[in-house]
There are 2 protein chains.
Amino acid sequence: MPVTPGSLTRCEAGDQPFPPGQAKACTVREVLDRVGGKWSIGILVAASQGPVRFTELERRIEGISRRMLTLTLRNLERDGLLHRRVYPTVPPKVEYTATPIALELYESLVALTSWAERHHTAVADARGAYDQAHGTAD
Amino acid sequence: MPVTPGSLTRCEAGDQPFPPGQAKACTVREVLDRVGGKWSIGILVAASQGPVRFTELERRIEGISRRMLTLTLRNLERDGLLHRRVYPTVPPKVEYTATPIALELYESLVALTSWAERHHTAVADARGAYDQAHGTAD
DNA sequence: CCGTATCCCGAGCGATACTG
DNA sequence: CAGTATCGCTCGGGATACGG
């Protein structure tokens, strides 16, 4: 059985104007609005292996700025995807841990990685063909 | 068995600097960069039910502008997710159809919708708690 | 009917410097 | 160590008007 249209009912949490029949699209957007940021997934992956400290993330993510690391961590924490534990020591120590629902999300993302791995060459080919047919570099 | 770190090998198609151990993050980003746009999913959903015409999409998506509809259609076509068929009639008629790999992607997205449906209340609660604890509206 | 062309704005992100 | 503050830019996206 393919995807059943209408199996997803409502779209109440969003402020986006999705008409009926587009409930699924809306639901997906919900997720994308939360982990669609440039660094969210990377942080989630790192934190899914166990508690991670701020500076460790800064090293592991490579390319991220202090600012974006902080911002993304805050957003993930706000959405209940990360738990932030502060040790009142000196120097300070903060650990970030993926919450259970983040781990579930992580699992769900596997479907996407699988798709990407199966078709990324096809996508690349399609791009090449398209750019060939139209104006590649003019 | 939970997600096995390292089961996804390389990240060759991207131009983003993902260090080793972040291959999964990179792969997911690949997908997000393609369907992460504001309207991509909606169009994909509509086109997955069968061929759709331009104006029909314009009505079904509700809120989308002509410009963004065209742009998003072009991107999806370029990535091989949509097939564009032009009937040389007058007035012109154009049909967009989801390709097989788009349908597979659509299936993969079900995992995300499932996650969203299971936890969107938890996320909302987390947000509320966070905003409560910090400065909601001050 | 199916687009393109232009203008404009705000969010997202990067760089840099400062702090408890 | 783990942040905050400020600036500035790029780019996605909205509004509007025009064209084949």
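A few points about this structure:
- The set of residues in segment B:85-118 that are surrounded by 14 or more Cβ atoms within 10 Å (Cβ to Cβ) and aliphatic (A, V, I, L, M) comprises B:Val94, B:Ala98, B:Ile101, B:Ala102, B:Leu103, B:Leu105, B:Leu109, B:Val110, B:Ala111, B:Leu112, B:Ala116.
- Residues (within 11 Å of DNA strand C (Cβ to nearest atom) and outside any helix (DSSP H, G or I)) located in segment A:38-61: A:Lys38, A:Trp39
- Residue that is nearest to the other protein chains (Cβ to nearest Cβ), among those in segment B:28-45 that are open to solvent by 20 Å² or more (accessible area, probe 1.4 Å) and more than 11 Å from DNA strand D (Cβ to nearest atom): B:Glu30
- Among the candidates A:Ala111, A:Ala98, A:Ala133, residue that is modelled with pLDDT under 95, of a type in the set (A, V, I, L, M) and farther than 18 Å from B:Leu32 by Cβ: A:Ala133
- Residue check, B:Val123 buried (at least 18 other Cβ atoms within 10 Å of the Cβ) and more than 20 Å from the chain's Cα centre (by Cα): yes
- Here segment B:65-98 is the region considered, the condition is being part of a strand (DSSP E or B) and under 14 Å from B:Leu44 (Cα atoms), and the residue that is farthest from DNA strand C (Cβ to nearest atom) is B:Ala98.
- Any hit, segment A:121-134, residues being within 16 Å of DNA strand C (Cβ to nearest atom) and either of a type in the set (A, V, I, L, M) or more than 8 Å from every other protein chain (Cβ to nearest Cβ) (or both): yes
- Residue pairs meeting the criteria (Cβ under 6 Å; at least 6 apart or on separate chains; first within 11 Å of DNA strand D (Cβ to nearest atom), in segment B:70-97; second open to solvent by 50 Å² or more (accessible area, probe 1.4 Å) and not acidic (Asp, Glu)): B:Lys93/B:Tyr87; B:Val94/B:Phe54; B:Val94/B:Val86
- Looking across segment B:46-75, the residues that are in contact with a strand residue (DSSP E or B) (Cβ under 6 Å, 6 or more places away or on another chain) and at the interface with another protein chain (Cβ under 10 Å from one of its Cβ atoms) come down to B:Ala46, B:Ser48.
- So A:Glu117, is it among the charged types (D, E, K, R) and within 12 Å of DNA strand D (Cβ to nearest atom): no
- Each residue in segment A:43-69 was checked for being farther than 22 Å from B:Arg127 by Cβ and touching a residue at least 12 places away in the same chain (Cβ under 8 Å), and 11 of them qualify.
The values are calculated or read from the model by the stated rules, or taken from the named source; none is laboratory data. Values in this document were obtained by computation on a predicted structure and should not be read as measured data. Neighbour counts are summed over all protein chains in view; Cβ atoms, including those assigned to glycine, are modelled from backbone coordinates with ideal geometry. The accessibility values were calculated without ligands, DNA or RNA, using every heavy atom of the protein model including side chains. Shrake-Rupley method; radii C 1.70, N 1.55, O 1.52, S 1.80 Å.
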